[in-house]
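Peer 1: What follows is a single structure, and I will ask about it in a moment.
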Amino acid sequence: MSLIDSHCHLNYEGLVERQDEVLDAARARGVTGMLNISTRQREWDAIVATAERHDDVWATIGVHPHEADAHPDLGVEALVAAAAHPKVVAIGECGLDYYYDKSDRGAQKARFEAHIEAARQTGLPLVVHTRDAEEDTAEILSREVARGGVRGVLHCFTSSQWLADRALEFGFYISLSGIVTFKNAKELQATAKTLPAERMLVETDSPFLAPVPHRGKTCEPAFVADTAAFVAELRGEAVATLHAQTSANFFRLFDKAAA
């Protein structure tokens, strides 16, 4: 039975020190693939090197919106060049975060647009982070999707039903993390029930956001099995069906990984 963790940070503190153990634990729970996400340019080599060492790990190239101010010179060319590596299957994570506002909003938008153009030029999907920035995220994606050549996923989705519906209209996928298992996530749980089965992914965002029953622990890719089981029960679906569907969705979106 196949299950993919579509978003994890294997090179972050808490996982990188025991990376082989973490990977083995995930495989033991039926996780057959993991997408290792980059958030800063200086991480790219290490992120890709991890993917090179493991057939069931892929990598992304990108800069998190928190890091926008620290990457004033990041342009399309650098992203496109790094994305040529055979194990790099997506551009991101990128996007907008107005909750913490760790970077200037104008800089966030400029970096986001650079990622979008890199995705267009490479044909790779975007991994989008958005928090408290629904209107700007929707406006930018609406404009860029209309221009053509842009697809992707809203990862660790915690936004409104409105943004979920807009993203689906754009042809994007929605990825659910362990947050959906939290007691106070009633609105997100309601949204999760409405997502088309063919446009849904699951993830851990490890080492963050461990799902029930692992709250308080360092999250790791093995825990995506717990999130998947919760979502399957929430939606009234068989766990095996959800595993198979979300895995098929992953390889449809991240088609370079399938190749």
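Rundown of residues vs (1) among the aliphatic types (A, V, I, L, M); (2) more than 24 Å from Arg143 (Cα to Cα), yes/no style:
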{"position": "Arg18", "(1), (2)": "no, yes"}
{"position": "Met34", "(1), (2)": "yes, yes"}
{"position": "Ala46", "(1), (2)": "yes, yes"}
{"position": "Trp58", "(1), (2)": "no, yes"}
{"position": "Val63", "(1), (2)": "yes, no"}
{"position": "Ala68", "(1), (2)": "yes, no"}
{"position": "Pro72", "(1), (2)": "no, no"}
{"position": "Ala78", "(1), (2)": "yes, no"}
{"position": "Tyr100", "(1), (2)": "no, yes"}
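Peer 1: Separate question: What is the one condition in (1) more than 20 Å from Phe157 (Cβ to Cβ); (2) surrounded by 14 or more Cβ atoms within 10 Å (Cβ to Cβ) that Asp104 does not satisfy?
Peer 2: Condition not satisfied by Asp104: (2).
Peer 1: Further, regarding this structure: Tell me, yes or no, whether the stretch 147-154 has at least one residue that is in a helix (DSSP H, G or I) and surrounded by fewer than 20 Cβ atoms within 10 Å (Cβ to Cβ).
Peer 2: Yes.
Peer 1: Shifting gears a bit: Only one residue in Phe208, Phe223 is under 18 Å from Ala28 (Cα atoms) and within 17 Å of the chain's Cα centre (by Cα). Which one? First the steps, then the outcome.
Peer 2: On the way: Phe208 fails: under 18 Å from Ala28 (Cα atoms).
On inspection, the qualifying residue turns out to be Phe223.
Peer 1: Turning to a different aspect of this structure: On the given criteria, is Met1 exposed (fewer than 15 other Cβ atoms within 10 Å of the Cβ) and aliphatic (A, V, I, L, M)?
Peer 2: For Met1, the condition - exposed (fewer than 15 other Cβ atoms within 10 Å of the Cβ) and aliphatic (A, V, I, L, M) - is met.
Peer 1: Going residue by residue through the stretch 78-96, is there one that turns out to be among the acidic types (Asp, Glu), in contact (Cβ under 8 Å) with a residue 12 or more places away in the chain and part of a helix (DSSP H, G or I)?
Peer 2: No; the residues of the stretch 78-96 include none that is among the acidic types (Asp, Glu), in contact (Cβ under 8 Å) with a residue 12 or more places away in the chain and part of a helix (DSSP H, G or I).
Peer 1: For the condition part of a helix (DSSP H, G or I), crowded, with 23+ Cβ neighbours inside 10 Å and in contact (Cβ under 8 Å) with a residue 12 or more places away in the chain, what is the one hit in Leu163, Leu124, Leu141? Steps first, answer last, please.
Peer 2: On the way: Leu163 fails: crowded, with 23+ Cβ neighbours inside 10 Å; Leu124 fails: part of a helix (DSSP H, G or I).
Just one listed residue meets the conditions, Leu141.
Peer 1: Which one of these is hydrophobic (A, V, I, L, M, F, W, C) and without any contact (Cβ under 8 Å) to a residue 40 or more places away in the chain: Val224, Val231, Val212, Val202?
Peer 2: Values: Val224 fails: without any contact (Cβ under 8 Å) to a residue 40 or more places away in the chain; Val231 fails: without any contact (Cβ under 8 Å) to a residue 40 or more places away in the chain; Val202 fails: without any contact (Cβ under 8 Å) to a residue 40 or more places away in the chain.
So the residue among Val224, Val231, Val212, Val202 that is hydrophobic (A, V, I, L, M, F, W, C) and without any contact (Cβ under 8 Å) to a residue 40 or more places away in the chain is Val212.
Every read-out reported here was derived from the displayed coordinates using simple, explicitly stated rules and does not represent laboratory data. What you are looking at is a predicted structure, and each value in this text was computed from that prediction instead of being measured. Ideal geometry is used to build each Cβ from the backbone, glycine not excepted, and the neighbour counts take in all protein chains shown.
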